[in-house]
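Engineer: First the structure, which I've put down as structure tokens, then a few questions once you've had a look.
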Amino acid sequence: MTDKTPSIHGEWSSRFAFILAATGSAVGLGNIWKFPYITGQNGGGAFVMVYLICVAAIGIPIMIAEIMLGRRGRQSPINTMQTLAAEARVDPRWGYLGWMGMIAGFLILAYYSVIAGWAMAYIFKAFFGGFFGTDGGEVKEMFDNLMASPIQQIFWHTVFMFITMQVVMRGVKGGLEKAVRFLMPALFVILIILVAYAMASGSYPQGIHFLFSPDFSKINADAVLTAMGHAFFTLSLGMGAIMVYGSYLPGHVSIAKTTFFIAGADTAVALLAGIAIFPLVFANQLEVATGPGLIFQTLPLAFGHMSGGWLFGVLFFVLLFFAALTSSISLIEPAVAWLVENKNIARQKACVWAGTACWGLGVAVVFSFNIWSGFKIFDKNLFELLDYLTANLMLPLGGLCIAVFAGWMMKQVHAEQELELPAQGFQAWQFLIKYVAPAAVFIVFLHVLGVL
Ligand code: PHE
């Protein structure tokens, strides 16, 4: 049993509140915006299968480990890792893991906020009837216009970042718990409505075939890395978001059961989004590999033609905005918690600093879609570079370290105490966290480096 003093930042009011917050963190743009577009870029079925395997074999055990470390450490990820390293009598440099995560969260939020800004812009486009009766060319133009306008994007990015920081300022319990309780189910319902529409679109079988019939000739080491990286990204793993949420978790809560729920809900949302979108892509002869604009160029077509489309369109983008918000707050929470603990500044001030810096980087990301689009490093613009660096490299590396720490460094009796699993369950987790997860990440890295 863990009878520890609660975190200084507050605690969730119940296990349910934690589930909601962690699910809110996991379900976000990653599921609805990113999963469909990277699936399109990487050939469909085989990519989806690798992603699902990564969620089950790597993501779930690492999520259990990350929540466990957080709850045992009870502080920001950096200080949690230092405390736990001291407890395990291992090198204090394990604290660097917290640092890398904090930086990763910061870099992700910079572009995440820009994309969430697109979703906000689309709420208004939907509201003013902008989708009504449109065809493929018109929705593309609408999206291209937004991309070409730094002013509009900066405006929405600023609004989104401001709202995020307002919520983070109020601390873990504030409005967040209440909001997520109602928003998550609503998002689910609207996705199901979209799936029903896709089923009637005539190209449903083609969409399903694309998503679920694996053709392994379509993927290479880089696609496998993207699928694995996305498993981390979509579950919010490898950077301390789930760890910091775990640190607000009261003792005596089953971490494993909670994890299964979160991962299940997250995967379901991603698959539903894919099932809703690809039939529309085929029905309208759109390009599967469109990239980051994919949902913005397909869903408006559905809303523009279905009955009740105005309402569903507005609702969908509002919910997407909320899904993004509940994720973005967890991206910055590790940094804010650390500033409060170590720099001895008030939560509010910490939010202003962290938020402003992140906003600045986001402005540069906006430019990477227009005036700086020609500026490339390793053939990637700033958005692509940040995405690759964080999702494909930093998160898996963070996850690898978490697995090694939980499986090899910390005393296994401590892990057993925290997890309170039946013997077989614990052994299964131990096997995955000690061998399977680290080896998988390592092998994929070697492949990408061309060593294997
Ligand atoms: N999981 C979130 C999503 O899928 C993104 C995220 C990544 C949030 C890492 C927190 C930490 O949109």
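Engineer: Quick one: compute the contact order of the chain, relative version, from alpha carbon pairs under 8 angstrom and 6+ residues apart, as a percent.
Structural biologist: About 36 percent, as a whole number.
Engineer: Report, in deg cm²/dmol and to the nearest 500, the calculated mean residue ellipticity at 222 nm for the chain, where each DSSP H run with n ≥ 4 adds -39500 (n - 2.57) and the sum is divided by the residue count. Numbers along the way, then the final one.
Structural biologist: Details: 21 runs with 319 residues, N = 452.
Taken over the chain, the calculation gives -23000 deg cm²/dmol.
Engineer: As a test of understanding, state the convex hull volume per residue of region 310-452 from its alpha carbons, in Å³.
Structural biologist: Value for region 310-452: 223 Å³ per residue.
Engineer: Where in the chain are the helices, taken as whole DSSP H runs, whose Cα atoms extend 30 angstrom or more along the long axis and whose Kyte-Doolittle mean reaches at least 0.0?
Structural biologist: Values: long enough: 95-127 (47 Å, 1.36); 174-199 (39 Å, 1.77); 255-283 (43 Å, 1.78); 309-342 (50 Å, 1.64); 347-368 (32 Å, 0.87).
Helices meeting the criterion: 95-127, 174-199, 255-283, 309-342, 347-368.
Engineer: Where the eigenvalues come from the Cα gyration tensor of region 7-113, what are the semi-axes √(5λ) of the equivalent ellipsoid, largest first, in whole Å? Let's see the in-between values first.
Structural biologist: Details: eigenvalues 170, 60, 45 Å².
Working through the eigenvalues yields semi-axes of 29, 17, 15 Å.
Engineer: Sticking with this structure for a sec: State, in angstrom, two size descriptors of region 266-306 derived from its alpha carbons: Rg to one decimal place and Dmax to the nearest whole number.
Structural biologist: That works out to 10.2, 29 Å for Rg and Dmax.
Engineer: Moving on to the next point. Three principal axis extents, largest first, for the C-alpha atoms of the chain, in Å?
Structural biologist: 63, 48, 41
Engineer: Please state the equivalent ellipsoid semi-axes for region 197-338: what are the square roots of 5 times the Cα gyration tensor eigenvalues, largest first, in whole Å?
Structural biologist: Details: eigenvalues 202, 83, 42 Å².
Equivalent ellipsoid semi-axes, largest first: 32, 20, 15 Å.
Engineer: A further question on this structure: Strictly over 31 Å apart at the Cα level, which of K257/K411; K140/K380; K349/K376 would you flag in this model?
Structural biologist: Numbers: K257/K411 22 Å; K140/K380 22 Å; K349/K376 35 Å.
Beyond 31 Å: K349/K376.
Engineer: Quick one: putting +1 on the C-beta of Lys and Arg, -1 on the C-beta of Asp and Glu, what dipole do you get for region 62-193 around its Cα centre, in Debye to the nearest 20?
Structural biologist: 740 debye
Engineer: Related question: Sticking with the crude label model, points 7 Å out along Cα→Cβ, report the distance from K257 to F16 in nm, one decimal please.
Structural biologist: 1.4 nm
Engineer: Tell me the per residue accessible area of region 112-255 using a 1.4 Å probe; a whole number in Å² is fine.
Structural biologist: Values: 5770 Å² over 144 residues.
I get 40 Å² per residue for this part.
Engineer: Also, I was wondering about something else. Using a Förster radius of 41 Å, what is the FRET efficiency between M409 and D144 based on their Cβ-Cβ separation? Nearest 0.05, please.
Structural biologist: Details: r = 50 Å, r/R0 = 1.22.
Computed FRET efficiency for M409 and D144 comes out at 0.25.
Engineer: If you don't mind, there's one more thing I want to ask. Can you work out the accessible area per residue across region 363-419, with the rest of the protein chains kept in place, probe 1.4 Å, in square angstrom? Write out the running numbers ahead of the final one.
Structural biologist: On the way: 2450 Å² over 57 residues.
Averaged over the residues of region 363-419, the accessible area is 43 Å².
Engineer: Right, here's the next one. Calculate, for F188 and W372, the FRET efficiency according to 1/(1 + (r/R0)^6) with r their C-beta to C-beta distance and R0 30 Å; round to the nearest 0.05. Don't skip to the answer; put the middle values down first.
Structural biologist: On the way: r = 38 Å, r/R0 = 1.26.
Taking R0 as 30 Å, the efficiency between F188 and W372 is 0.20.
Engineer: Turning to a different aspect of this structure: Using Stokes-Einstein with the Kirkwood hydrodynamic radius over Cα pairs, what translational diffusion coefficient do you get for region 90-227 at 37 °C and a viscosity of 0.692 mPa s, in µm²/s rounded to a whole number? Provide the component values of the computation, followed by the final result.
Structural biologist: Details: Rh = 19.5 Å.
The estimated diffusion coefficient comes to 169 µm²/s.
Engineer: Ok, one more. When the Cα atoms of region 51-128 are enclosed in a convex hull and the volume is divided per residue, what value in Å³ results? Display every interim value, and only then the final one.
Structural biologist: Numbers: hull volume 10.5 nm³, N = 78.
Convex hull volume per residue, Cα atoms: 134 Å³.
Engineer: If you don't mind, there's one more thing I want to ask. When the accessible area of the chain is computed with all protein chains present and a 1.4 Å probe, what percentage of it is carbon and sulfur?
Structural biologist: Numbers: 11510 of 17120 Å².
Carbon plus sulfur share of accessible area: 67 percent.
Engineer: How would region 157-273 be classified by its alpha-carbon gyration tensor: rounded, prolate or oblate, with rounded meaning a/c under 1.5 and the a/b versus b/c comparison settling the rest?
Structural biologist: Prolate, because a/c is 1.5 or more and a/b exceeds b/c.
The values are calculated or read from the model by the stated rules, or taken from the named source; none is laboratory data. The shown structure was predicted, so the numbers you read here are calculated from the model rather than taken from an experiment. With ideal geometry, Cβ positions are generated from the backbone for all residues, glycine too; neighbour counts draw on all protein chains shown. Surface areas here come from the heavy atoms of the whole protein model, side chains and all, with no ligands, DNA or RNA. Shrake-Rupley method; radii C 1.70, N 1.55, O 1.52, S 1.80 Å.
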